[in-house]
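The values are calculated or read from the model by the stated rules, or taken from the named source; none is laboratory data. Quantities reported herein were computed from a predicted structural model and do not represent experimental measurements. Don't worry about glycine lacking a Cβ; one is built from the backbone with ideal geometry, like all the others, and counts go over all protein chains shown.
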Amino acid sequence: MTSESGGNPPRFLPTDYRVYQPIMPDANILPSGLPRIESLEMRGIVKRFPGVLANDHVDFDVHAGEIHALLGENGAGKSTLMKILYGLYQPDEGQILLNGEPIAVHSPTDSIEHGIGMIHQHFMLVDNLSVAQNVALGLRSSREPRLDLDVVSARIRELADTYGLQVDPKATISKLAVGERQRVEIIKALYRGAALLVLDEPTAVLTPQEVDDIFIIFRNMAADGHALVFISHKLDEITSLTDRVTVLRDGKVVGARPTSEVTKRDLANMMVGREVLLERVKPPSKLGDVRLRLNDINAVNEDGRVVLKNVSFEVHSGEIVGVAGVSGNGQRPLAEVIAGLKDATSGRIELEGRDVTRLSPSQMFDAGLSYIPEERMHDGVIKDFSVSENFILQDHVRAPYSRGIFLRFKQIERRSAELIKEYNVKTPSQDTPVKNLSGGNIQKLILARELARQPQVLIAAQPTRGVDIGATEYIHNQLLQQRAEGLATLLISEDLDEVKALSDRIIVLFGGEIMGIVDNTTVTIEELGLMMAGERRMEPQTDVPVGTSGS
């Protein structure tokens, strides 16, 4: 194993960790044997990008034994601030102090050497390597040129026992559940000497039970003297886990408070700068006829692996059916098969009673389907096209936007202006390239385009992924309004809070199979979590009598 920098291993690792001996309990030593970080301060941090002041004289601090939340909308500056702490960016102004002394952090290597680790939202693991190989990757071996995976494995077991991070050092990453992979990331950071951990959306892909387990680990780490910075958009998690919270808005700190002194409403209002409606009253659904029906749909990926297995369900007019599951359990193939972007190997799809199984995407749109894809920049818009051009992507060959082979620019301009106003899309002008808009406004543009077509069925895949709380509130309200007007919506989301807030019924996918189709008003979070983990199967309810209430 060789270090990317070619230098020595991080200074917090024992010099000869073949015979690692835990250090006796000491006020300045963590149970793992690592030096304790009493405090870390970021003072007056300024970071500018062309046309953007990302951090505007930000002060932030975290102390040993504390879980400090960093909260803010997308673009508020929290990711930039943490990338400065981890050495990925350099500040234009300000300084970082470790235990009261200024330090220079020019790279992640510097950060690691100072005992600062980061757990990224998207796991930085190599699937076909073992746990021990992933942990050792990039570090020098203690007995070069030979590997020392037995030594690495022994240290992993020590850390796992110390912090309750049960994982087999010999297990291949691809064979591990998502929660186990999260533990490997934490062990990897601890192995490199992290006394302070930055946790970037660490629960984004976990089941409720896995969230409970990881929170116990975080609390134990804090109790043992670690300093933790917790980044999450889930206000329930912040209020239940953290000790303090700092809120950023437009690159500035708008407040830093003990978490026990603020409510979720307080935090939401601080983030957005206005009153935010967190609880949505969902009126009873007025179910109509079946608009979308899937019968025994099967599909495989490019490698021939089964990604959908005997999937059957129905969506009625006037209801939102949510699809819950941990990422990678068939959600994306399901959306693509329905939208005509991927072929089913067998089974039947009906839209308004018509067999549409083999139709192309354009034919599906003509049949009355609208689709909000999960990858908005890749599948939802053409980023170099203007706002108005993206509004008419699918309908530019139809009236009123064209006459023969000629576009009717006045009609396009008029309709674009109406949609920008109706859906509150913030853009300098219709001619602005979409790539210059924020994620929330791009998502509202896509929502406006798809709903303006007055579809019979809407497939909404991850409709608020990466979207701030203000835009999320708006998108949720629009989906509920369309439900009241009779639209049949299939909501596919990895955010279980979102699924619970909007859905009448919930489909749970695991390994491409339906583990249950349940009534949202009666199912518990615990039951959903067990189905998401593949540990429980509930008899699917494939039909709902017309006229039942969803909430």
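Things worth noting here:
- The residues on offer are LYS421, LYS444, LYS426, and the sole one that is among the basic types (Lys, Arg), under 22 Å from the mean Cα position of the chain (by Cα) and not assigned by TED's automatic domain parsing to the domain that holds ILE349 is LYS444.
- Considering residues of region 198-219 that are over 19 Å from the mean Cα position of the chain (by Cα) and of a type in the set (A, V, I, L, M) only, the residue surrounded by the most Cβ atoms within 10 Å (Cβ to Cβ): ILE217
- Flag if ILE392 is surrounded by 16 or more Cβ atoms within 10 Å (Cβ to Cβ), under 30 Å from HIS122 (Cα atoms) and not acidic (Asp, Glu): no
- Elements of type helices (runs of 4 or more DSSP H) contained in region 72-150, each with 3 or more residues being without any contact (Cβ under 8 Å) to a residue 40 or more places away in the chain: 108-113
- None of LEU491, LEU451 is assigned to a strand (DSSP E or B) and either touching a Ser or Thr at 6+ places or on another chain (Cβ under 9 Å) or basic (Lys, Arg) (or both) except LEU491.
- Positions within region 152-173 being among the small types (Gly, Ala, Ser) and modelled with pLDDT of 85 or more, in sequence order: SER153, ALA154, ALA160, ALA171
- Among the residues of region 350-382, the one identified as touching a residue at least 40 places away in the same chain (Cβ under 8 Å), among the aliphatic types (A, V, I, L, M) and within 9 Å of GLY340 (Cβ to Cβ) is LEU369.
- Taken over region 459-488, residues that are assigned to a strand (DSSP E or B) and surrounded by fewer than 23 Cβ atoms within 10 Å (Cβ to Cβ) amount to 0.
- Residues being closer than 19 Å to THR239 by Cβ, part of a loop (DSSP other than H, G, I, E, B) and at pLDDT 90 or above - total across region 250-288: 2
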